[in-house]
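The values are calculated or read from the model by the stated rules, or taken from the named source; none is laboratory data. Because the structure is predicted, anything quoted here is derived from the model rather than measured. Cβ sites come from the backbone with ideal geometry, for glycine too, and all protein chains shown count toward neighbours.
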C-alpha cells in the first residue's frame, strides 16, 4: 500500500486529512466489485467507477464500491455536523446513506439516484443548510 495525502475541497479551501493509507485498485477490480454491488449491472458499475469513485490526478482508484464512497462522505459530513447542536455521528450518516441508496442496487438508472449523487458531490451544501437530514432521502 502506498501512502497518499487525501485532499478534500471544502468551499474552495483544501483540507488535508492526516496521512490516510489508501489502497490503489485497478479499474477492472473496481468494476468487478461494483458490478456485484449493483446486482450485475455492469453499466452502472462502469459509470460509478468513471464518475464517482475516489481517484487521484493520475486516475488511480481508491474505492471499490459505492459503500466505500458512502463511508468517506459520511466521515466528512460528520465532521461538518460537529459544528451544530445534536450532530449526527458518522455511523448514523452512513446508515442513512445505506437506507437511501438501497434502491440503487436494484434501479441504478433512477433519477433519485442521480439527485442523491448530485447532493453528495456538493457536500458543502450541508454547511449552508446546517442539517443533513434535509439533504438525504
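Of the set (1) closer than 17 Å to residue 25 by Cα; (2) surrounded by fewer than 18 Cβ atoms within 10 Å (Cβ to Cβ); (3) touching a residue at least 40 places away in the same chain (Cβ under 8 Å), all apply to residue 46 but (3).
The condition of being under 21 Å from residue 24 (Cβ atoms) and at pLDDT below 90 holds for only one of 107, 68, 118, 56, that being 56. Here the condition is being surrounded by 18 or more Cβ atoms within 10 Å (Cβ to Cβ), over 18 Å from residue 97 (Cβ atoms) and at pLDDT below 90; of 61, 22, 6, 16, it holds for 22 alone.
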